[in-house]
Amino acid sequence: MSPAEELNTAVFPNWCPGCGDFGIWAALKNAIVQLKLPLDKTLIVYGIGCHGHMVNFLNVHGFEGLHGRPLPVAIGAKIANHELKVIVIAGDGDTLGEGVGHLISACRGNHDITCLIHDNQVYGLTTGQASPTASRGHKSKSTPEGTLDEALDPIALTLSVGASFIARGFAGDISHLTEMVKAAIGHKGFAFLDVYQPCVTFNKVNTYDWFRQRIYKLEETYKPDDKKAAFARALERDRLPLGIFYREKRSTFEDGLPQIAKTPLVTQPVKTPDLTGLLQELT
Ligand code: SF4
C-alpha cells in the first residue's frame, strides 16, 4: 500500500464513477504525504455537498460543518490552536453561494488557512441546480430556461478582497493539482485554490473534454506578484488559466493576536473570574 493509500479509511467513496472529486481526493492525499504533514496537527474542515463526504474517506482529523460555514469553523479552530495546519474543503455552491460572506472575511483577514473549492458549476448533492459559478444561460432543474445570473468569478473575487495566495487546478490533472495543493498548504496566510471538478452526472456542459479544450497552464515566465496581471488572467473567458495567479507575503490574522503570541489558546490555563464584587453591586 502506498503512503497516500494509507490515508484511506475503510469506506470507499460513494461519489459517482468518474466524478472530479476522486482527482481532488488523490491530489490532497499526495500533498499531505509529500509535505509530511503531521497528522496529529492537521485538521480538515468540510462544507456540505458531495465534496463533504470526503470526511468519511480521508483518515485525517476532520469536521463537517454546516452548509456554507466551513470557514468560520476553521478560523475558530486556527485561533484556538494556531499550531494546527487547517485546510478547508468546500464546494462552489457551499462557499461561493450561501457562505460567500465568510470567504470574503477570511480573505480580508488573511487567516492562515488553505481553502480548496470543488468548482463544478452545480449543486451536485441536491441533483444539479445551477451554482454561483454556472455561466449565464446554464440550464438546470432550477433554471430550465437558463440562469439569469452572471457567473461569479472566484479568482477575481478573492483577488479583489485580499487573499494572499490564489491558484486554480483541474481535477483531471492530478500531478499539477498536487503541486497546487502543496503550494497552497505551504503558503503562510489565506490560500484560495479553485479546482475545476467535473460533475459527470448533473453537468453535461462543463465536462472533462470541455475543460481540456480550454485550460492552459500559466507560463513559467508569468510572475504571480502583480495583481493587475493576475486580474487580466482571471478575466480571460475563452481560455482558462491554471496555476498560481497571485501570491504575496503579508502578516496574518493570527500574527496580530498578542493573546497567542507565546502559546496557543488551548494550552493556556482557564481562569475563573471572581464575580463577587459585580454580584454585590447588582443585588
Ligand atoms: Fe460527483 Fe456530481 Fe456525482 Fe456529486 S453528483 S458525486 S459532484 S458526479
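Criterion applied to 212, 237 was being under 25 Å from residue 17 (Cα atoms) and exposed (fewer than 14 other Cβ atoms within 10 Å of the Cβ), and the one residue passing it is 212. Residue selection: residue 120 satisfies the criterion of being open to solvent by 10 Å² or more (accessible area, probe 1.4 Å), touching a residue at least 24 places away in the same chain (Cβ under 8 Å) and in contact with a Pro (Cβ under 7 Å, 6 or more places away or on another chain).
Every listed requirement among (1) under 27 Å from residue 208 (Cα atoms); (2) surrounded by fewer than 17 Cβ atoms within 10 Å (Cβ to Cβ); (3) in contact with a helix residue (DSSP H, G or I) (Cβ under 7 Å, 6 or more places away or on another chain) is met by residue 68 save one, (2).
Taking the listed residues 194, 149, the one that is in contact with a Pro (Cβ under 7 Å, 6 or more places away or on another chain) and not hydroxyl-bearing (Ser, Thr, Tyr) is 194, with no other qualifying. Across the stretch 129-139, the number of residues qualifying as in contact with a Ser or Thr (Cβ under 7 Å, 6 or more places away or on another chain) and either of a type outside the set (A, V, I, L, M, F, W, C) or part of a loop (DSSP other than H, G, I, E, B) (or both) comes to 5. Annotation: residue 192 fulfils all but one of (1) within 16 Å of the ligand (Cβ to nearest atom); (2) of a type in the set (Phe, Trp, Tyr); (3) within 19 Å of residue 93 (Cα to Cα); the unmet one is (1).
Each row is one residue, and each column tells you yes or no for (1) on the phi > 0 side of the Ramachandran plot; (2) touching a Cys at 6+ places or on another chain (Cβ under 8 Å); (3) buried (at least 16 other Cβ atoms within 10 Å of the Cβ).
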{"residue": "128", "(1), (2), (3)": "yes, yes, yes"}
{"residue": "141", "(1), (2), (3)": "no, no, no"}
{"residue": "146", "(1), (2), (3)": "yes, no, no"}
{"residue": "149", "(1), (2), (3)": "no, no, no"}
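Starting from the stretch 225-243, keep only residues that are within 15 Å of residue 162 (Cα to Cα), then list their pairs with residues that are part of a strand (DSSP E or B) and open to solvent by 70 Å² or more (accessible area, probe 1.4 Å) whose Cβ atoms are within a distance under 9 Å, requiring at least 6 positions of separation or different chains. These pairs meet every condition: 225/247. Among the residues of the stretch 113-134, the ones that are touching a Gly at 6+ places or on another chain (Cβ under 6 Å) and not aliphatic (A, V, I, L, M) come to 4 in all.
Of the residues 164, 135, only one is surrounded by fewer than 16 Cβ atoms within 10 Å (Cβ to Cβ) and small (Gly, Ala, Ser); which? So that I can check it myself, show each step before the final result.
Numbers: 164 fails: surrounded by fewer than 16 Cβ atoms within 10 Å (Cβ to Cβ).
Answer to the check: 135.
Assess whether residue 221 counts as being open to solvent by less than 50 Å² (accessible area, probe 1.4 Å), part of a loop (DSSP other than H, G, I, E, B), of a type outside the set (D, E, K, R) and at negative phi. Here the answer is no, as residue 221 does not meet what is asked.
Out of the residues in the stretch 267-283 that are β-branched (Val, Ile, Thr) and in a helix (DSSP H, G or I), state the one that is surrounded by the most Cβ atoms within 10 Å (Cβ to Cβ). Among those that are β-branched (Val, Ile, Thr) and in a helix (DSSP H, G or I), it is 267. Scanning the stretch 25-48 for residues that are open to solvent by 10 Å² or more (accessible area, probe 1.4 Å) and either of a type in the set (S, T, N, Q) or under 16 Å from the mean Cα position of the chain (by Cα) (or both) gives 25, 26, 29, 30, 34, 43, 48. Looking at the stretch 1-110, the helices (runs of 4 or more DSSP H) lying wholly inside it that each contain 1 or more residues that are within 16 Å of the ligand (Cβ to nearest atom) sit at 21-34.
The values are calculated or read from the model by the stated rules, or taken from the named source; none is laboratory data. Keep in mind the model is a prediction, meaning the values are calculated, not measured. Glycine also receives a Cβ, built like all others from the backbone with ideal geometry; neighbour counts cover every protein chain displayed. When the accessible area is computed, the model is the full protein with side chains, heavy atoms only, and any ligands, DNA or RNA have been set aside. Shrake-Rupley method; radii C 1.70, N 1.55, O 1.52, S 1.80 Å.
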